[in-house]
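Take a look at the structure below.
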There are 2 protein chains.
Amino acid sequence: MDSAPPAAIMQGRRTRQVEATYDVVRAARDHPTAEQVHARVRRRIPQISLGTVYRNLQKLASAGRIRVVELGPGSTRFDGMLETHEHFVCEACGGITDLPASSRTPPNPAGLRRAGFAVTRHALTFYGRCPECQGMESPGARRACR
Amino acid sequence: MDSAPPAAIMQGRRTRQVEATYDVVRAARDHPTAEQVHARVRRRIPQISLGTVYRNLQKLASAGRIRVVELGPGSTRFDGMLETHEHFVCEACGGITDLPASSRTPPNPAGLRRAGFAVTRHALTFYGRCPECQGMESPGARRACR
DNA sequence: CTTTCTGCAAACTCTTTGCACTCGT
DNA sequence: ACGAGTGCAAAGAGTTTGCAGAAAG
C-alpha cells in the first residue's frame, strides 16, 4: 500500500530481524500467518516484536523476496516459494498445499488483453478436501490434517 | 465458520433485512464490501445495523444465495453473480471486473484427483491494469476507475 | 406462542503506526 | 554520526457476538 515504483529494487538494511524473518518464511512449507512467523522467528530472536515481523514481512514482500498468499478469510499467509505455482486449500482442515504450476493450459488472458487490460499475473486456487480429510466425513468432523 | 453440513439447504426467515440485503448484492455490479452493502441497504431500511448486514451476508453466502469473493487484502467482497466466472483486479484502482468463465481450458484438476484430493471448485483471478488506468502511468497516479 | 432475527454496543482479531531508542553502514 | 530499523504499546480497520426487545411463522 505505498507508492513503490516498479518495486523489488530496494533492499534496506540487513538486520538480524529481517534476515531471520526471511529465513523462516523461506524454510516454511505451510504458508504461515504473520503470528506463526513471529513465533518461529522468536526461537532465534526471543525479543522480536510482532510489529517488526509485520513490517519486515511487508518489506520482504514488496522487495519480491517472499510472496503474500490471499486465500479465503482469516489471516494473510506468506509463502517462500517464488516460482509460479498454484494452491489447493482444504475446506475441512484449512491446510494449504502447493501445486506445481498447472501441468499445462496456463489461463488464457488473450481476450483480456484484446479488451485493453494489461495482465501481469494471475492466481489459481483449488478448493476441496485433502486426502487426509476424505475418510472422516462425519458431519461435524473438523480434524487437523497437519 | 460453523458446522453447516452440505449447506445451501437452510433458508431462515424472510425478513425485510435479509431480502433487502440480498437484493442489494444481486443488483450490485461492483463487488461491494460489507460496509458498502450496508450503506445501500440503508437507503431502503435506514435503521438497519451493520451487524445485521454482516450476519445476513454470512447467512446468504452459506445458503448459496450470494458469493463471497476473496481478492487480496482489504475487506471481503460480495458477489451476486452465481454463475462460474473469473475476476480481473486492477492493481492501480482496485476495481474488480467480472469475466465470463474462461473462454476455454477450465483448469485441469485431474492430477489433483489422482493424488487423492477432492476438488469442489476453483478460483481464477487475473491482476494487472484496467483500460482506464493504462493512460495515467504517472508513478504516483492513483486515480479512480469507477 | 415460539423461535429466529434485529439493533446496539462492546468485544475481538488482525494489522498498522507513533515514538524514543538501537544498531547498521 | 546519520538514518533506517526495532520494541512497545496504543490505535485502527474489519468483523463477530451477547443481550433484550421485535417480529416472522
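The values are calculated or read from the model by the stated rules, or taken from the named source; none is laboratory data. Keep in mind that this is a model prediction, so the values were computed, not measured. All Cβ positions, even for glycine, are placed from backbone atoms using ideal geometry, and neighbour counts span all protein chains on display.
Quick notes on this one:
- Screening the stretch B:17-47 for residues that are within 12 Å of DNA strand D (Cβ to nearest atom), surrounded by 14 or more Cβ atoms within 10 Å (Cβ to Cβ) and over 18 Å from the mean Cα position of the chain (by Cα) and picking the one that is nearest to the other protein chains (Cβ to nearest Cβ) gives B:Gln17.
- Residues of the stretch B:32-54 classified as within 22 Å of A:Gly72 (Cα to Cα), out of contact with any Gly (no Cβ under 9 Å at 6 or more places or on another chain) and not in a helix (DSSP H, G or I), total: 1
- Of all residues in the stretch A:74-98 being part of a strand (DSSP E or B) and touching a Phe, Trp or Tyr at 6+ places or on another chain (Cβ under 6 Å), the one that is nearest to B:Ala34 (Cα to Cα): A:Val89
- The set of residues from the stretch B:60-73 being within 16 Å of DNA strand C (Cβ to nearest atom) and either more than 9 Å from chain A (Cβ to nearest Cβ) or in a strand (DSSP E or B) (or both) comprises B:Leu60, B:Ala61, B:Ser62, B:Ala63, B:Gly64, B:Arg65, B:Ile66.
- Unmet criterion (only one of (1) in contact with a helix residue (DSSP H, G or I) (Cβ under 7 Å, 6 or more places away or on another chain); (2) at pLDDT 85 or above; (3) over 27 Å from A:Ala61 (Cα atoms)) for A:Phe126: (3)
- Look at the stretch B:41-70: where a residue is free of Cβ contacts under 8 Å to residues at least 24 places away in the same chain and a partner is assigned to a helix (DSSP H, G or I), sitting 6+ places away or on another chain with Cβ atoms under 6 Å, you get B:Leu50/B:His38; B:Tyr54/B:Ala34; B:Val68/B:Ala61.
- Matching residues in the stretch B:26-54 - criterion: being among the polar types (S, T, N, Q) and within 12 Å of DNA strand C (Cβ to nearest atom): B:Gln47, B:Ser49, B:Thr52
- On inspection, B:Leu57 passes the criterion of being surrounded by 12 or more Cβ atoms within 10 Å (Cβ to Cβ), within 14 Å of chain A (Cβ to nearest Cβ), within 15 Å of DNA strand C (Cβ to nearest atom) and assigned to a helix (DSSP H, G or I).
- Given (1) on the phi < 0 side of the Ramachandran plot; (2) surrounded by fewer than 14 Cβ atoms within 10 Å (Cβ to Cβ); (3) out of contact with any helix residue (DSSP H, G or I) (no Cβ under 7 Å at 6 or more places or on another chain), number of the condition B:Gly74 does not satisfy: (1)
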